[in-house]
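Please treat every number below as a calculation from the coordinates, not as lab data. Here the structure is a predicted model, which means the values were calculated and not measured. Because the Cβ atoms are built from the backbone with ideal geometry, glycine has one as well, and the counts that use them run over all protein chains shown.
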Amino acid sequence: MSKKALITGITGQDGSYLAEHLLSLGYDVHGIVRRVALEDATRHFTRIAHLLDRLQLHAASLESYPSIFHVISRHDFDECYHLAAQSFVAESFADGFSTMNTNINGTHYMLAALRELRPDCRFYFAGSSEMFGKVSEVPQRETTAFHPRSPYGISKVAGFQLTRNYREAYGMFCSNGILFNHEGARRGFEFVTRKITSTVARIKYNLANELRLGNLEAKRDWGHAADYVQAMYLMLQHDTPDDFVIATGETHSVREFCELAFAEVNLDYQDYVKVDERFYRPAEVELLVGDASKARRVLGWKPTRTFKDIVKEMVREDVAALKSNSG
Ligand code: NAP
Ligand code: F7E
C-alpha cells in the first residue's frame, strides 16, 4: 500500500516541489490549505495547478487547533511535512505578533494533534538558517549557537525546540531541517532573488527602468528548492530522528546575484540598481554559509545545482514568462 503524507504549506515554493517529489515516489499526497485558497483556486494554486488532480487538499487554519485535529483524525498519515509559515523575514518586523502566532502556535498545534492521534507519524519541521542570525562561527553547522535577529528567526528557534522536545519527551519521530536559503522559478516575488530576476525581465522588455534594493552586501548560501525538498524526504526515511543542516557551502552577496542576473540579459546592474533605505531591516543577518557534511555523510544528500545555475534558471524563466505574455 502506498505511504500517506501530509504537507502543510503545500501551496508555497517548497510545498509544490515536495508534493511533486512524493507523487513521483508513489505517495498518496495530502495538503492543508486555507479555506480562502480553496474558494479562489486559480489565484492561490498557481504552483500546484499541474498536480491538482493527484492531490487531496483539506481546508484548515494554522491558527485553529480544532481544524488541524479534524484533518489529522480523518487519515492515517505516515509522514507529515510541516512547511506552512509566515516565511518573509521583513514582514516579521512589520507584524511580529502574527508571525509568532502562526509559526510557533501552528507548529505546536501540529505536534500536539499528532501526539494525540498519530504518535507514529514521522514529523518534519522547516527550520531555517535565520536561527543562526548573528553568527558565532563560520560555516554554521548543527552545533552552532542560535542568535536570531528577527521575529521570524525567533519563531523558528521556538519551532525547532518544540520539535526536539516532542522527540525527547514523547519518543516521537520528529526531525528538524536547518535549511539555508533555497530558490527557484517558483520563489515568491518579495524575496530578493525573485525580486531581482523578475525585475531584470521587466527591464529587458522596457516595462521597468530601475531596481530598488536594500543591503547589497548581505551574503547568503543559496541553493535550489528542488534539491532541498529531497533532503526533507531523506530525513524522514532515516533510522532515527535528528537535526540536519542543508546548505551548499558557498556564499554570495546580493550584489553578486545582481551582477550575474543582469549579465544574463547583457546588461550592467550598476546602470539599474538603486539602493533604497526602505528595504533595509532593523537588524540584518550579514553572513550565512552552511556546513552540510552531516547530511552528506548520514543521508547521502548533496546539492546538484550551482549558484550560477540558479541565477540563470530564474532569469530565463522570468524572461520566458514575459515573452509568452507579450505574445
Ligand atoms: P512560502 O513559499 O512562503 O510558503 C509558505 C506556505 O505557508 C504557503 O503555502 C502559505 O499558504 C502557508 N501559510 C502561511 N501562513 C499560513 C497560515 N496562517 N495558515 C496556513 N498556511 C499558511 O515558503 P517556502 O519558501 O516554501 O518555505 C517553506 C517553509 O520552509 C517555511 O516554513 C519557511 O519558513 C521555511 N524555510 C524556507 C527557506 C527558503 O529559503 N525558502 C529556508 C529555510 C526555511 P498560502 O499560499 O495560503 O499563503
Ligand atoms: O533576503 C537582502 C536582505 O528576503 C535576503 C526566507 O526564505 O531565507 C529567506 O530569508 C537578503 C537579506 O531572504 C532586499 O536584507 C536587500 O539580507 O530574500 P530574502 P531571507 O531574509 O534571507 C531564510 C533561510 C528563510 O528561512 C526565510 O523564510 O537580501 N535584501 N535588498 C533584500 N531582501 C528583500 N527581500 N528585498 C530587498 O529589496
Taking every other residue with Cβ under 12 Å from the Cβ of D28 and scoring Lys and Arg +1, Asp and Glu -1, one gets 0
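What 222 nm value per residue comes from the helices of the chain, counting each DSSP H run with n ≥ 4 as -39,500 (n - 2.57) and dividing by all residues, nearest 500 deg cm²/dmol? Walk me through the numbers before you get to the answer.
Values: 12 runs with 129 residues, N = 327.
Roughly -12000 deg cm²/dmol at 222 nm, from the helical runs in the chain.
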Ranked by GNM mean-square fluctuation in the chain (Cα springs under 10 Å), the top entry among A49, A90, A292 is A49
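Quote to one decimal, in nm, the extra length available between E284 and S73 on full extension: 0.36 nm per residue of separation minus the C-alpha distance between them. Walk me through the numbers before you get to the answer.
Numbers: separation 211, 0.36 × 211 = 75.96 nm, distance 4.14 nm.
Taking E284 through S73 to full extension adds about 71.8 nm, to one decimal.
Hey, got the dipole for segment 161-213? About the Cα centre, +1 on K and R Cβ, -1 on D and E Cβ, debye to the nearest 20?
Value, rounded to 20: 180 debye.
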Between E137 and R115, what length comes free when the chain is fully extended (0.36 nm per residue of separation minus the Cα-Cα distance, one decimal in nm)?
4.4 nm
Only Cα pairs within less than 10 Å get springs; with that Gaussian network setup on the chain, which residue of L260, L62, L25 has the largest fluctuation?
L25
Please list, or write none, the lysines whose alpha carbon is within less than 25 Å of the alpha carbon of K274, excluding same-chain residues fewer than 8 places away.
K195, K204, K219, K308, K312
Rounded to whole angstroms and listed largest first, the alpha-carbon spread of segment 56-190 along its three principal axes comes to 43, 32, 30
What are the ³J(HN,Hα) couplings of segment 81-88, residue after residue, when phi is run through the Karplus curve with 6.51, -1.76, 1.60 and θ = phi - 60°? Round to Hz, x for glycine and proline.
10, 9, 9, 5, 5, 7, 9, 9
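Only four residue types carry charge here, +1 at the Cβ of Lys and Arg and -1 at the Cβ of Asp and Glu. Report the dipole size of the chain about the Cα centre in Debye, rounded to the nearest 20. Please report the intermediate quantities before stating the final value.
Details: 39 positive and 42 negative charges, 57 e Å.
For this selection, approximately 280 debye.
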Candidate lysines for bridging to K156, where Cα separation is under 19 Å - those fewer than 8 sequence places away on the same chain excluded:
K134
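Percent of alpha carbon pairs in segment 229-327 separated by more than 16 Å? Let's see the in-between values first.
Numbers: 3407 of 4851 pairs.
That tail contains 70 percent of the Cα-Cα pairs.
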For segment 245-294 the translational diffusion coefficient, Stokes-Einstein from a Kirkwood Rh over Cα pairs at 20 °C and viscosity 1.002 mPa s, in µm²/s, is roughly 161 µm²/s
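Contact order normalised by length for segment 178-300, with contacts defined as Cα pairs under 8 Å and 6 or more residues apart; what percent is it?
Working: 172 pairs, mean separation 45.6, N = 123.
Relative contact order of segment 178-300: 37 percent.
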Based on the Cα gyration tensor of segment 42-106, what are the three equivalent ellipsoid semi-axes, each the root of five times an eigenvalue, rounded to whole Å and given largest first?
24, 18, 10
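Return the loop-located trypsin sites (Lys or Arg not before Pro) in segment 268-309 (DSSP other than H, G, I, E, B) with at most 12 other Cβ atoms within 10 Å of their own Cβ; answer none if there are none. Could the numbers behind the result be given before it?
Values: sites: K274, R278, K294, R296, R297, R305, K308; in loops: R305.
Sites meeting the loop and neighbour criteria: none at all.
Starting from segment 26-97, pick out the chymotrypsin sites (Phe, Trp or Tyr not before Pro) whose DSSP state is loop and whose Cβ has at most 16 other Cβ atoms within 10 Å.
Details: sites: Y27, F45, F69, F77, Y81, F88, F93, F97; in loops: Y27, F45, F77, F88.
Answer by residue number: F88.
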As a Kirkwood estimate from alpha-carbon pairs, segment 1-134 has a hydrodynamic radius in angstrom of 15.3 Å
Applying a 10 Å radius around every beta-carbon, put 175-187, 138-150 in order of their mean neighbour count, most first.
175-187, 138-150
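What is the magnitude of the charge dipole of segment 286-327 about its Cα centre, with +1 placed on the Cβ of each Lys and Arg, -1 on the Cβ of each Asp and Glu, and no other charges, expressed in debye to the nearest 20?
On the way: 9 positive and 6 negative charges, 60 e Å.
Here segment 286-327 has a charge dipole of around 280 debye.
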Where is the GNM fluctuation largest for the chain (alpha-carbon springs, 10 angstrom cutoff): L57, L38, L299?
L38
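Just the number, please: Stokes-Einstein D of segment 76-148 in µm²/s, Kirkwood Rh from C-alpha pairs, 37 °C, 0.692 mPa s. Provide the component values of the computation, followed by the final result.
Numbers: Rh = 14.1 Å.
This corresponds to a translational diffusion coefficient of 234 µm²/s.
Over the Cα atoms of segment 1-76, what is the Rg over Rh ratio if Rh follows Kirkwood? Don't jump to the answer; show the numbers that get you there.
On the way: Rg = 11.9 Å, Rh = 12.6 Å.
Expressed as Rg/Rh, it is 0.95.
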Quick check: Cα centre of segment 30-56 to Cα centre of segment 295-327, how many Å?
23 Å
Once you sort the root eigenvalues of the Cα gyration tensor of segment 276-327 as a ≥ b ≥ c, which label holds: rounded (a/c under 1.5), prolate (a/b larger than b/c) or oblate (the other case)?
oblate
Count the net charge of all other residues whose Cβ sits under 15 Å from the Cβ of A320, scoring Lys and Arg as +1 and Asp and Glu as -1.
+3
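Only loop residues by DSSP count here, and only those with at most 15 other Cβ atoms within 10 Å; note down the GluC sites (Glu not before Pro) in segment 252-327 that meet that. If you can, show how the numbers build up before the last one.
Working: sites: E256, E259, E264, E277, E284, E286, E313, E317; in loops: E264, E284, E286.
Loop-located and lightly packed - E286.
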Placing each pseudo-label 7 Å from Cα in the direction of the beta carbon, K323 and S98 end up separated by a distance in nanometres of 3.8 nm
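Counting only complete DSSP H runs, which helices of the chain cover 15 Å or more along their long axis at the Cα atoms and score a mean Kyte-Doolittle of 0.0 or above? Write out the running numbers ahead of the final one.
On the way: long enough: 13-24 (17 Å, -0.32); 106-117 (16 Å, 0.27); 151-170 (28 Å, -0.61); 192-204 (18 Å, -0.04); 225-237 (19 Å, 0.61); 307-325 (27 Å, -0.28).
Span-like helices in the chain: 106-117, 225-237.
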For segment 41-51, Karplus couplings with θ = phi - 60° (6.51, -1.76, 1.60), whole Hz, Gly/Pro x:
4, 4, 7, 8, 10, 4, 6, 10, 4, 6, 10
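Return the ratio Rg/(2.2 N^0.38 Å) for the chain, where Rg is computed over Cα atoms only. Walk me through the intermediate numbers first.
Values: Rg = 19.5 Å, N = 327, 2.2 N^0.38 = 19.9 Å.
In units of the globular-protein estimate, the chain measures up at 0.98.
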